[in-house]
C-alpha cells in the first residue's frame, strides 16, 4: 500500500481510500483491483452537473471492463437531501434490477454521497457501494467514515445509518471543476482536522506559500492536505465507528454550524461556511472558559479567514437556537455536548456549558 492509499481499519468493515491523480479515468480497473467482480450491475448516483463532466467517461471505462452501469441524477442542493430523493433512487434501482450482488457508486459531493450511501444501506437490506467524491469537503470528510443520511424538516441528517463503503476513490483533478466558493468551504473541514488532532497540518495551512499553492490547486499540496485529513479521520473512526465516544470530536464546530444551516435556510450558507462560524463560536467559548490561550483562538480565526471563510455569526432568534440544538444527534440524556479546543491539535467533549455561555453569540 503506497502513501496515498489509506486503510480505514475496522473490525468487520475495513476498506481502503485511494488518492490518485487521473483516477477518474480508470474506475473499471480500480474496481477490478479491489475485487469487484465483472458483470455486476452498477447504479451510479450523481447530479446533472457532475455527470456531464465525468459520467460518459466513467460509463465507457466501466463498459470496457465488462460492468453494466447506468447513471441516475438527483437534484443538486441540500434541500433535496430528503426522503423523496431517496425514494427516487429506489425507483431507479428497481428499474435497472439491482440485486444483492449489485453495486451503487456515489459520484459527486457530500449530498450525493450521503443519500446514495443511505440508499445502499437500505436497498435489499444493504448492498455494496463505493464513494467517488468530487468536492474537497466530501473527499476529506463525508466520504470516509460510513455516515449516511438524509435530512428531516426538524433537523439535518436525522434519518440515516452507519454503513461503510467498499472503497473510496479520490481524484484531486476533479477539484479543478469546483467553484471557488465550494473549494473554500471544503477547507473548513481541513482546518478542523488541524485544530482537533493535527498541529503539523494546522501549521502547514498557516504558511502563506502553502496557502497560495492550495488555493491555486497545486496537485501535490492538494494530495498532502487530503491525505493528512483522511489519515486523522481514519484513526478516529477506527477507534469509535458508531460515534459512542471519541468520534464526536469530528463534530468540532458542527453543532453551531448545523444551527446556522437550518435556521438561515439550507443553501444560504454552505456547510463549510457554517462550520467555520461554528468553530469561531466554539473557540470563543473555550477562551472565556480558559480552556485554551487567546493567542490560539486568534490563530484559528485568522486561519479560517485567510482561506476566505466567514466568522461572523448571522442574526438568529435565541429560542430557535435551543430548539435546534436539543434536536441534535449529539444530545445525550437531555444534555447538549460541545466539542471545545484546549490547544491547537487537541479538543475535548464538554456537557457542562450553560446556555448563557453560547446564546450571547446569537442576536
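Here are some notes:
- For the stretch 181-359, fraction of C-alpha pairs farther apart than 27 Å, in %: 23
- From the C-alpha gyration tensor of the chain, square roots of 5λ in Å: 34, 23, 18
- log₁₀ of I(q)/I(0) at q = 0.16 Å⁻¹ - the stretch 78-227, Debye sum with one point per alpha carbon: -0.87
- Label-point separation, residue 94 to residue 66 (7 Å along Cα→Cβ), nm: 3.2
- Here 68, 204 are placed in order of increasing Cβ neighbour count within 10 Å, fewest first, which gives 68, 204.
- Coordinate range of the alpha-carbon atoms in the stretch 284-363 per principal axis, descending: 34, 26, 20 Å.
- Order by protection proxy (mean Cβ within 10 Å, highest first), peptides 221-228, 255-262, 185-192, 317-324: 185-192, 255-262, 221-228, 317-324
- Angle of helix 83-96 to the longest C-alpha principal axis of the chain, folded into 0 to 90 degrees and rounded to 10: 10°.
- Applying 1/(1 + (r/R0)^6) with r as the Cβ-Cβ distance of residue 203 and residue 16 and R0 = 30 angstrom yields a FRET efficiency of 0.60.
- Dimensions of the stretch 5-177 based on its C-alpha atoms, expressed as ranges along the principal axes with the largest first, amount to 43, 36, 33 Å.
- Rounded to 5, the percent of DSSP beta bridges in the chain classed as antiparallel: 40
Rule-based calculations on the coordinates, nothing more; no lab input. All figures in this text were calculated on a predicted structure; none of them were measured in a lab. Every residue, glycine among them, receives a Cβ derived from its backbone with ideal geometry; neighbour counts consider all protein chains shown.
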